[in-house]
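These notes concern the structure reproduced below.
What follows draws every value from the coordinates through simple rules; no lab data is involved. Quick caveat, the model's predicted, so the values are computed rather than measured. All Cβ positions, glycine included, derive from the backbone under ideal geometry; neighbour counts span all protein chains shown.
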Amino acid sequence: MATPIPSDLRRLVAERARYRCEYCLLPQTMALHRHEPDHIVPIQHGGVTEAINLALACLRCNRYKGPNVGSFDPLTGLLVPLFHPRLQSWDQHFHVVGAEIRPLTPEGRVTVLVLRLNDPDRLAERQRLIEARLYW
């Protein structure tokens, strides 16, 4: 069963993220479903329901991430942790080229892979948002 997250903690997570998914940067106002707090380190892996372990995530990023904490880097084959929004800077691990989120680091590569940040539907959505000046 999911651990309930108090409304004041949910608000803090959303405000801190400026109402954008901390993985794909999708603005909450452009999402069909409300963004939700994600346990960066899931409870089943010892994570806690505290601000330091929560990131705002869109529905797709949160579902694709699931209980994952890492994956195998497609370039090196090494086991690498996912991007950690509380401890790492998005700009040091990713950059946007066109509508594509390009990884800059091993953590970026596994995060792009696991969260499917560049699936065709996500690229098309991001392109529309960029054209409307609603992304980034």
### Task
Rank the residues Val97, Val112 as a footprinting-exposure proxy: fewest other Cβ atoms within 10 Å of their Cβ go first.
Val97, Val112
### Task
Collect residues whose amide H, placed 1.01 Å from N in the peptide plane, falls under 5 Å from the amide H of Phe94; neighbours closer than 5 in sequence don't count.
Leu104
### Query
For region 7-131, what log10 I(q)/I(0) values come out of the Debye formula at q = 0.19 1/Å, with one point per alpha carbon and no solvent?
-1.07
### Task
Select from Cys24, Leu134, Val112 the residue farthest towards the positive end of the dipole of the chain; place +1 on Cβ of Lys and Arg, -1 on Cβ of Asp and Glu, and compute about the Cα centre.
Leu134
### Task
Would you kindly derive the ³J(HN,Hα) couplings of region 68-79 from the backbone phi angles with the Karplus curve 6.51 cos²θ - 1.76 cosθ + 1.60 (θ = phi - 60°), listing them in order in whole Hz, with x for Gly and Pro?
5, 10, x, 6, 8, 4, x, 8, 9, x, 7, 6
### Query
Which far-off residues, 5 or more places away or on another chain, put their amide H under 5 Å from the one on Ser71, with H placed in the peptide plane?
Val80, Leu82
### Query
Efficiency by 1/(1 + (r/R0)^6): what FRET value for Arg86 and Gln127, r their Cβ-Cβ distance, R0 = 25 Å, to the nearest 0.05?
0.30
## Note on the structure
Note, region 85-92: 3J(HN,Hα) by Karplus (6.51, -1.76, 1.60, θ = phi - 60°), whole Hz, Gly/Pro = x, goes x, 7, 10, 10, 8, 4, 5, 7
### Query
Rounded to the nearest 500 deg cm²/dmol, what is the calculated helix-only ellipticity per residue at 222 nm for the chain, with -39500 (n - 2.57) per DSSP H run of length n ≥ 4?
-8500 deg cm²/dmol
### Task
About the Cα centre of region 7-131, how large is the charge dipole given +1 on each Lys and Arg Cβ and -1 on each Asp and Glu Cβ? Please answer in debye to the nearest 20.
180 debye
